Structure formats: C-alpha cells, structure tokens
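Everything on this sheet refers to the single structure shown next.
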Amino acid sequence: MFREELRKIRLVPVVVIDDAGLATPLADAIVAGGLSCVEITLRTDEALGAIYTMASRPDMLVGAGTVFTLDQAKAAVDRGARFIVSPGMSSSLVDWCLARKIPVIPGCATPTEIQMAMERGLDTVKFFPAEQLGGVKMLATLAAVFQTMHFMPTGGITAHNLIDYLALPQVVACGGSWLVGTQWLRERKFPDIRQEIGRAVELLDKNLEMTL
C-alpha cells in the first residue's frame, strides 16, 4: 500500500529543477543522504525530463508534484512517475488516477476539501500550505475530526518543525522543499544537498530511537 510506503520513507524532498541534466547527480545526492523518494514539481519545462531520468533508477520512488491537469498527469506517468501530487483537490484528476491505480495525493486546506477527498475514496491527502494554514495545531484539530484520513503536510516544513508534524499519528510523511534548495541545485552544490538530507535523516532516526 502506497500510504505505508510513505510512512516508511517519512520525508519526501520537493524539488524544482531547471535542468534535467542535473537529475542524475541530484538522485545520487538524495540516495547518498539516506532517502529514496522525490517529488519533482512540474513548475519548469525540464521537470518531465528529470522525472524520466530519475524514474529509471531502481533505488528511487519518483512522483510528480504541482500537477493541475489531466494532461500533466498523463505526461508525468508516461515518463515514469509513480505517484501524483496536486496543490488542490481536483475531482477529475483524482478520478483519473484512481481508475488507473495511480496513487494520488491532492492538496487540502479545509474540512470541505478533506471530505471531498474522502468521498472519492482517498485515505491520504496533502495538508498544504501547512505552516500558513496553522501548522501542527491546525492539523491536529483536523486529524481529530477526520480520524480515518492520513496527511502529508507540505509547505513551511523545516528541520525545526519536522518532528512535531511527524509526531501526529495520522501524518505518514512530510514534504520538504528545504532539502534541495533551488539555488544549491543551480550551483550544483550536491555535497550540500547530500549533507542537508543526511542531517534530516539523522534527526528522524534519533527521534525514532527515542520513541522506541
């Protein structure tokens, strides 16, 4: 089940990439840092090429983010994306993915949107933008009401609040754009990316040990 895959991964780098040629060294840095998943956002013309390159690797679970339309979803899946993430709740996009057994995580900011996702049969949504919507306190309140729903908060997540979000039982993973800074990527600072991811993974592991 995809939700359980996310729970094991715990942290998904959210990436904006301007040059598909950087996909391979970026994937190397992510894996070396200790993660095996990435969400490539469709915010640039190079994103689909990066998805194609990364999705060919057996050690990477690659998804497409910032997906607005069915055409974008089709293009991403054609290039190997294994899951789809959208900023909002689009019934037509969700239905298309479900019909093809493609995991889809729509963005939800309100109880109405969460309920719409539940009516479509989804068990996991993206709480976005998490910090701007009220952060951990808001998400805890929503989780108490929607007890069968699980969440992947994204937006404003950093090393400083990551553990607070993951402490909520219904949070399966967090999306983190700070892990692969756009400037770092443009300047090919792959050692910095690897180190930042490594620090985050160490933080996750230390927290896990404390809760055992």
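Observations, loosely collected:
- Contact map, the stretch 21-40: residues that are touching a residue at least 12 places away in the same chain (Cβ under 8 Å) and over 21 Å from Pro103 (Cβ atoms) paired with residues that are surrounded by fewer than 17 Cβ atoms within 10 Å (Cβ to Cβ) and among the β-branched types (Val, Ile, Thr), Cβ distance under 6 Å, separation 6+ or inter-chain. Pairs shown: Gly34/Val201.
- Given (1) in a helix (DSSP H, G or I); (2) surrounded by 13 or more Cβ atoms within 10 Å (Cβ to Cβ); (3) not charged (D, E, K, R), index of the condition Leu208 fails: (2)
- Checked against (1) within 25 Å of Ser91 (Cβ to Cβ); (2) touching a Phe, Trp or Tyr at 6+ places or on another chain (Cβ under 9 Å); (3) not small (Gly, Ala, Ser), Val136 passes all but condition (1).
- Total residues in the stretch 38-91, condition in contact with a strand residue (DSSP E or B) (Cβ under 7 Å, 6 or more places away or on another chain), under 19 Å from Ser177 (Cα atoms) and hydroxyl-bearing (Ser, Thr, Tyr): 3
- Among residues of the stretch 61-75, those that are more than 15 Å from the chain's Cα centre (by Cα) and of a type in the set (A, V, I, L, M, F, W, C), counted: 4
Rule-based calculations on the coordinates, nothing more; no lab input. These numbers were taken from a predicted model, which means no experiment stands behind them. Every residue, glycine among them, receives a Cβ derived from its backbone with ideal geometry; neighbour counts consider all protein chains shown.
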